[in-house]
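The values are calculated or read from the model by the stated rules, or taken from the named source; none is laboratory data. The shown structure was predicted, so the numbers you read here are calculated from the model rather than taken from an experiment. So basically every Cβ, Gly included, is an ideal-geometry build from the backbone, and we count neighbours across all protein chains shown. Surface accessibility is based on the protein's heavy atoms, side chains included, excluding ligands, DNA and RNA. Shrake-Rupley method; radii C 1.70, N 1.55, O 1.52, S 1.80 Å.
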Amino acid sequence: MKKIVALFGCVLLLTSCVNETQINNPAFQAKFNDANWKSQETSLSIGANGGLIITALRGNEKLVLTTSAANPGTYILGTTNQANFGTYTLKSGTNTTIFDTGAFPGPAFLTRKLTSGNAYSASTSALTTGGSGSGLVFKITVNNLGAIVTDTIKARGANYLAGDVVTVDGGNNNATFRVLNTQQSNGEVVIQKVENGTYTGTFKLNAVDDDGQVVTFSEGIFYRLPIN
């Protein structure tokens, strides 16, 4: 019985050591089109603009994430601010395919309210006009002045570009929204912690190639990456 207890204690000690090693080691991994993806070599540097440049390599694949600053915060990809950018490169023989979060027309993904307007009524299907595309529809609630208080995208429409400004029909036609990014080209890098020169955070993105093909990284994490 004592031997069994002793053996069990050794197993617990070994497991604890393995877990501690995994936690303390720098890591970069994600789901790539719903399959596990883990970097074999990762580097982090500070760019000329003071933002992060994270480069992750796995075989013939390369993922690069850049941010406009190195401070904790959320950096949105696919917007008109191309300092926040993601690029995925795949080499196959002599062919190289590049997917990125540059400006690409498509359904609106994220929007930001610019003006609340007035004299609007609550609606589950508030139509919009303007921008490069068409068909963007919101569900809205309003206050007693008819200013839009909350908004949810009901239909994303098509052929919008990051930076487009649309106007919500109704009221005094003075509620406006900016399209931040599109369904094919979007994502975010979240710097959660900067500690002793290392960076920890999360990321996700949709990136598109010249033919409109999309790759998706989700549930991404980078853990205690040091500056190289």
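The aspartates and glutamates whose alpha-carbon is closer than 17 Å to the alpha-carbon of Lys154, local same-chain residues fewer than 8 away aside, are Asp169. In the assembled protein chains, Ser218 presents an accessible area of approximately 30 Å² (probe radius 1.4 Å). Given the pairs Lys31/Lys139; Lys31/Lys113; Lys31/Lys62; Lys62/Lys91; Lys91/Lys204; Lys31/Lys193, which are separated by over 20 angstrom at their Cα positions? The pairs that break the limit, which is 20 Å between Cα atoms, are Lys31/Lys139; Lys31/Lys113; Lys91/Lys204; Lys31/Lys193.
Ranking Leu136, Leu145, Leu180 from most to least accessible surface, computed with a 1.4 Å probe over the protein chains only, gives Leu145, Leu180, Leu136.
Normalised by the number of residues in the chain, the average gap of Cα pairs under 8 Å and 6 or more apart makes the relative contact order 22 percent.
Note on Thr74 and Val214: their simple-model spin labels are 1.9 nm apart, each label 7 Å out from Cα toward Cβ. For the stretch 124-182, the C-alpha radius of gyration sits at 1.06 times the compact-globule guess of 2.2 N^0.38 Å, with N the residue count.
Between Glu195 and Ser125, the simple spin-label model (points 7 angstrom out along Cα→Cβ) gives 5.1 nm. Take the Cα of Ala147, go 7 Å toward its beta carbon, and the backbone nitrogen atoms of the stretch 107-140 under 16 Å from that spot belong to 113-122. Fully extending the segment from Ser43 to Ser134 would add 28.6 nm, taking 0.36 nm per residue of separation and subtracting the current Cα-Cα distance.
Per residue, the chain exposes 54 Å² of accessible surface when a 1.4 Å probe is rolled over the protein heavy atoms with every protein chain present. Residue separation of Asn118 and Asn172 scaled by 0.36 nm, minus their Cα-Cα distance, works out to 18.8 nm of gained length. Counting every pair of alpha carbons in the chain, the share spaced more than 30 Å apart comes to 41 percent. Along its three principal directions, the equivalent ellipsoid of the stretch 62-141 from the Cα gyration tensor extends over semi-axes of 35, 18, 9 Å, largest first.
Applying D = kT/(6 pi eta Rh) to the stretch 182-228, where Rh is the Kirkwood radius over alpha-carbon pairs, T corresponds to 20 °C and eta to 1.002 mPa s, the Stokes-Einstein value obtained is 180 µm²/s. Estimated from the Cβ-Cβ distance and a Förster radius of 25 angstrom, the FRET efficiency linking Lys31 and Asn95 is about 0.50.
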